[in-house]
Each structure stands twice: as structure tokens, then as C-alpha cells.
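Novice: Let me give you the structure first, and then I'll get to my questions.
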Amino acid sequence: MGTTAQLLGRVPAMMAFRSTGYPKLLPANITISLLYTCNSRCLTCNVWQKKAKNLTVDEYDRIFASLGTAPYWFTFSGGEPFLRKDIVEIVYRAYDYCRPGIINIPTNSLLSWLIPGRVEEILRRCPDTQIVLNLSLDGVGEEHDRLRGVKGNFEHFLKNYRSLRQLEYPNFTLGVHTVISRFNYQRIGEVCDLVHTLRPDSFITEMAEQRVELGTMGCDITPSAEEYAQAINVLEQKTRDYGFQRMGGVAHAFRKRYYALAKRILVEQTQVIPCYAGWASCQISPDGHVWSCCIRAESMGNLREHDYEFAKVWFSQEAEKLRTSIRNKECHCPLANASYTNLVHHIPSLIQVVSSYLPPNPVVTMPCMK
């Protein structure tokens with residue numbers, strides 16, 4: 001199983017890969033988009049309108065075999081990932097070949113009668129990896145239903161949460177995930193109040209963005225710098241009031257850094273710290289294209305056309321062209337998944353995270369990060 005220490009141990013080599021091209025490394029953080037199909041109709045996402053010939057279990061088997069133990073973190077997303085009847089088998093293949101430290105799965109909770117059973121099967125079959133399930137919550141009651149576009153979604157969220165809370169596995173983290181958009185930035189406090197009553201293992205937020213993958217380019221969904229700052233100020237105050245900072249330890253310290261980073265990106269409209277999308281992180285589309293990230297969704301190549309050998313795509317000329325563009329700051333975004341990877345590879349941010357996590361007068365060594 002991958003460990004945090006092993007991940008941090010790769011940081012110097014990955015920094016060298018980004019600056020010089022050597023040593024050539026495979027990514028540590030990979031998002032697998034299992035499908036575009038979705039049973040939500042969110043105001044911030046049009047992914048359900050897209051079509052693709054999805055990769056099969058056997059195709060994923062070959063991809064994961066080619067990746068080996070390089071990935072530390074997998075995210076299995078969609079669309080709605082639990083609409084794939086074979087999700088358990090796909091996740092298990094990633095576990096069996098790659099032994100990642102973390103497997104993260106977001107869900108809209110609409111399949112509340114099905115999700116707990118499949119999650120428990122994943123937990124049983126992947127005992128040495130931390131399984132993180134994040135339930136989407138963008139509002140309270142009918143407001144959540146309005147934002148997610150399906151009547152009754154909030155009730156499914158509550159039912160799903162209660163069922164999942166009954167699962168007692170040492171490798172299970174149950175989280176709540178909120179997208180901050182122009183439609184809900186004024187009501188983040190209500191979401192925080194509900195989260196306080198639920199007491200999940202983690203509570204994370206990200207920003208609604210214009211993404212090629214989600215079909216939202218040109219859509220007015222991203223909060224302004226002022227609107228986002230307003231929401232984050234409320235979130236941080238609630239965090240102090242409710243003690244959310246006790247959930248996750250080091251993870252919470254990274255979240256604080258991410259919120260500050262996202263604020264700056266909105267204001268400065270540039271990469272505030274070096275972006276490692278295309279080096280340390282990437283995304284695989286449902287039909288096998290490898291992207292540096294889902295914002296640009298520009299293909300480095302299709303795995304189906306390269307014998308499912310990930311390295312053939314990752315070290316291709318197309319991949320290097322895309323890396324050059326990113327290195328030249330021809331794009332910028334506060335994409336949460338990539339931003340956390342960027343923070344790990346930014347030494348000043350790492351120092352600030354460690355400093356904020358340690359007690360004022362530590363008398364022993366750094367706490368072990370698991």
C-alpha cells in the first residue's frame with residue numbers, strides 16, 4: 001500500500017521531472033472518469049449530455065497493470081460512478097495492481113438503496129487502502145434539490161449518509177462535498193450547520209468552474225473573487241465554531257491552504273504556484289483519452305490506440321506539448337484535485353501546512369501522517 005511518506009519521498013524527483021524532464025515518472029494522482037452518464041441535472045454541470053464508448057473492465061485491467069504501483073491516489077468519478085454496475089470490479093482491479101494509499105469516490109446519492117452495499121463490498125475487497133466516499137451536498141432541503149436538478153435528492157442524501165454511517169471499517173472515510181457556485185455562495189453557512197449535525201469524517205468544498213469535461217464552457221457558474229471570499233470567510237468561521245479542524249488533521253491544514261490559493265487565483269488570474277497537472281496528476285476519460293486535467297481536457301493520446309500502455313501516452317510528444325503549455329502558464333484554475341497535488345509539490349506551502357498542524361511548543365517529533 002502506498003504511504004504518505006512514500007508520496008512525499010517522490011516530491012524532489014517530481015519537481016525535477018517538471019523542471020528538467022528527468023527522471024521520467026508516472027503520475028501519483030489519477031482521476032478515472034468511468035462514464036459521462038448521470039442521473040442528476042445540476043445547474044453547474046452538463047456532463048450528462050456527453051456520450052462515450054466506455055472502457056471495459058478488461059481494458060482497465062490492462063491500464064492498471066501498465067501503471068503498476070506508481071499511483072498513490074485514485075479518484076473514480078463520472079457522471080455518477082455508481083451507475084456503472086461493474087464499479088466494484090473496476091475499483092478492485094486498481095487496488096489489485098496498484099495498491100494505492102487512497103481511493104476516492106464522489107456520488108450524488110440518488111442510488112441510495114444500492115450505494116451502501118457496493119461500498120461495503122469495495123471496503124471488504126480493498127482492505128489495505130483508505131476508501132473515501134464523498135456525498136454531494138450543495139444546499140439544504142429543497143435548495144439542494146433545485147441546485148442538483150432532481151426532486152427528492154436531499155432525502156436520498158440523508159438516507160445514503162445514514163446507511164453508510166453504519167459501516168464500521170478501519171479503512172473507510174465518509175465525507176461531505178460541496179460545490180461553491182454563484183447559485184449557493186450566500187448559503188454556505190446553512191450547509192455548514194447541517195454538516196455539524198451529521199459529523200462526517202471530512203468536509204470539503206471546491207469551486208464551480210468552466211470545464212471542457214463538464215460541458216460548462218461559457219456558463220456563468222463560477223463565483224466572483226468577492227463572492228468566493230464571502231463564502232470561504234463563512235466556512236472558516238464555522239470551521240472554528242464547530243471544530244471541523246479536528247476532522248482530518250493534516251488534511252484540514254491542506255484545505256486551508258487550498259482556500260487561500262483559490263482566492264488568489266480568482267484575483268490574480270494566473271498560476272499562483274506551479275501546476276503539476278500533466279506531471280504528478282492526470283485524468284483518464286471514459287473512452288480512454290489521457291488528459292492533464294478536466295479543465296482543458298486536451299488529449300495526450302488514447303490508451304486504446306497505444307495497447308493500453310500508459311507510459312506510451314504519458315511520454316509522447318503530444319504530452320510534452322501540453323506540459324510546455326502548462327509550464328508557460330497558458331492556463332490557470334483552482335481545480336481542487338490538482339491544486340492539492342500542487343501544494344504537496346510547493347515547499348513553502350508544505351512548510352506552512354506543517355507549521356499550522358504542529359502544536360505551538362512541540363516537545364516531540366512531527367506527528368505521523370497516515
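Novice: Just wondering, is there one or more residues in the stretch 268-289 that are at pLDDT 95 or above, out of contact with any Lys or Arg (no Cβ under 7 Å at 6 or more places or on another chain) and in a helix (DSSP H, G or I)?
Specialist: Checked the stretch 268-289: at least one residue is at pLDDT 95 or above, out of contact with any Lys or Arg (no Cβ under 7 Å at 6 or more places or on another chain) and in a helix (DSSP H, G or I).
Novice: Scanning for something free of Cβ contacts under 8 Å to residues at least 40 places away in the same chain, assigned to a loop (DSSP other than H, G, I, E, B) and of a type in the set (A, V, I, L, M, F, W, C), does the stretch 114-126 turn up at least one residue?
Specialist: Yes, some residue in the stretch 114-126 is free of Cβ contacts under 8 Å to residues at least 40 places away in the same chain, assigned to a loop (DSSP other than H, G, I, E, B) and of a type in the set (A, V, I, L, M, F, W, C).
Novice: Take the residues in the stretch 5-40 that are charged (D, E, K, R) and surrounded by 14 or more Cβ atoms within 10 Å (Cβ to Cβ); name whichever of them is farthest from Met300 (Cα to Cα). Show your work before the answer.
Specialist: Of all residues in the stretch 5-40, those charged (D, E, K, R) come to 10, 18, 24.
Still in the running and surrounded by 14 or more Cβ atoms within 10 Å (Cβ to Cβ): 10, 18.
On the way: Arg10: 23, Arg18: 16 Å.
Within the stretch 5-40, the match that is farthest from Met300 (Cα to Cα) is Arg10.
Novice: Sticking with this structure for a sec: Just checking, does the stretch 163-172 include any residue being open to solvent by 20 Å² or more (accessible area, probe 1.4 Å), of a type outside the set (Asp, Glu) and within 22 Å of Asn39 (Cα to Cα)?
Specialist: Among the residues of the stretch 163-172, at least one is open to solvent by 20 Å² or more (accessible area, probe 1.4 Å), of a type outside the set (Asp, Glu) and within 22 Å of Asn39 (Cα to Cα), which makes the answer yes.
Novice: Identify the single condition in (1) modelled with pLDDT of 95 or more; (2) of a type in the set (Val, Ile, Thr); (3) closer than 21 Å to Ser181 by Cβ that Thr239 does not satisfy, given that it satisfies every other one.
Specialist: The number of the failed condition is (1).
Novice: Is it the case that the stretch 197-208 has a residue that's farther than 19 Å from Pro81 by Cβ, open to solvent by 10 Å² or more (accessible area, probe 1.4 Å), at pLDDT below 95 and assigned to a strand (DSSP E or B)?
Specialist: So far as the stretch 197-208 goes, yes, one or more of its residues are farther than 19 Å from Pro81 by Cβ, open to solvent by 10 Å² or more (accessible area, probe 1.4 Å), at pLDDT below 95 and assigned to a strand (DSSP E or B).
Novice: Considering only residues that are outside any loop (DSSP other than H, G, I, E, B), open to solvent by 40 Å² or more (accessible area, probe 1.4 Å) and either at pLDDT below 95 or not basic (Lys, Arg) (or both), which ones fall in the stretch 70-105? Quick ask: steps written out before the conclusion?
Specialist: The initial filter retains those residues of the stretch 70-105 that are outside any loop (DSSP other than H, G, I, E, B), namely 73-77, 81-83, 87-98, 102-105.
With open to solvent by 40 Å² or more (accessible area, probe 1.4 Å) added as a condition, the list becomes 73, 83, 89, 92-93, 96-97.
Selection gives Trp73, Leu83, Glu89, Tyr92, Asp96, Tyr97.
Novice: Considering only the stretch 26-67, how many residues are under 21 Å from the mean Cα position of the chain (by Cα) and closer than 27 Å to Arg99 by Cβ?
Specialist: 16
Novice: Can you find, within the stretch 309-319, the residue that is surrounded by the most Cβ atoms within 10 Å (Cβ to Cβ) among those that are free of Cβ contacts under 8 Å to residues at least 40 places away in the same chain and in a helix (DSSP H, G or I)? Spell out how you get there, then give the answer.
Specialist: Looking only at the stretch 309-319, we keep the residues that are free of Cβ contacts under 8 Å to residues at least 40 places away in the same chain, and these are 312-313, 316-318.
When the remaining residues are screened for being in a helix (DSSP H, G or I), the result is 312-313, 317-318.
Numbers: Lys312: 17, Val313: 23, Gln317: 9, Glu318: 13.
Out of the qualifying residues, it is Val313.
Novice: Let me ask you something else. What's the number of the condition Cys42 fails, among (1) assigned to a helix (DSSP H, G or I); (2) farther than 16 Å from Ser285 by Cβ; (3) among the hydrophobic types (A, V, I, L, M, F, W, C)?
Specialist: (1)
Novice: Related question: Pull up the stretch 209-246, narrow it to residues that are open to solvent by 50 Å² or more (accessible area, probe 1.4 Å) and either touching a Gly at 6+ places or on another chain (Cβ under 6 Å) or among the small types (Gly, Ala, Ser) (or both), then point me to the one that is farthest from Leu335 (Cα to Cα).
Specialist: For the stretch 209-246, the residue satisfying everything is Val234.
Novice: From the list Ser112, Ser40, which residue is out of contact with any Cys (no Cβ under 6 Å at 6 or more places or on another chain), closer than 15 Å to Leu167 by Cβ and of a type outside the set (A, V, I, L, M, F, W, C)?
Specialist: Result of the check over Ser112, Ser40: Ser112.
Novice: Let me ask something else about it. When you scan the stretch 119-130, do you find a residue that is open to solvent by 50 Å² or more (accessible area, probe 1.4 Å), at pLDDT 95 or above and within 20 Å of Ser285 (Cα to Cα), even just one? I'd like the intermediate steps shown before the answer.
Specialist: At the first step, the residues of the stretch 119-130 found to be open to solvent by 50 Å² or more (accessible area, probe 1.4 Å) are 120-121, 124-125, 127-128, 130.
Next cut, at pLDDT 95 or above only: 120-121, 124-125, 127-128, 130.
Narrowing the set further to residues that are within 20 Å of Ser285 (Cα to Cα) leaves none.
There is no residue in the stretch 119-130 that is open to solvent by 50 Å² or more (accessible area, probe 1.4 Å), at pLDDT 95 or above and within 20 Å of Ser285 (Cα to Cα).
Novice: Could you please tell me which pairs satisfy a Cβ distance under 6 Å, a separation of 6+ or placement on different chains, a first residue in the stretch 219-231 that is assigned to a helix (DSSP H, G or I), and a second residue that is of a type in the set (D, E, K, R)?
Specialist: What qualifies is Ala229/Lys263.
Novice: Identify all residues within the stretch 267-294 that are touching a strand residue (DSSP E or B) at 6+ places or on another chain (Cβ under 8 Å), open to solvent by less than 30 Å² (accessible area, probe 1.4 Å) and more than 18 Å from Ala13 (Cβ to Cβ); write none if there are none.
Specialist: Gln283, Ile284, Ser285, Pro286, Gly288, Val290, Trp291, Ser292, Cys293, Cys294
The values are calculated or read from the model by the stated rules, or taken from the named source; none is laboratory data. Note that the structure is predicted; figures quoted are calculated from it, not measured. Don't worry about glycine lacking a Cβ; one is built from the backbone with ideal geometry, like all the others, and counts go over all protein chains shown. Heads up: the accessible areas ignore ligands, DNA and RNA and are worked out on the full protein's heavy atoms, side chains in. Shrake-Rupley method; radii C 1.70, N 1.55, O 1.52, S 1.80 Å.
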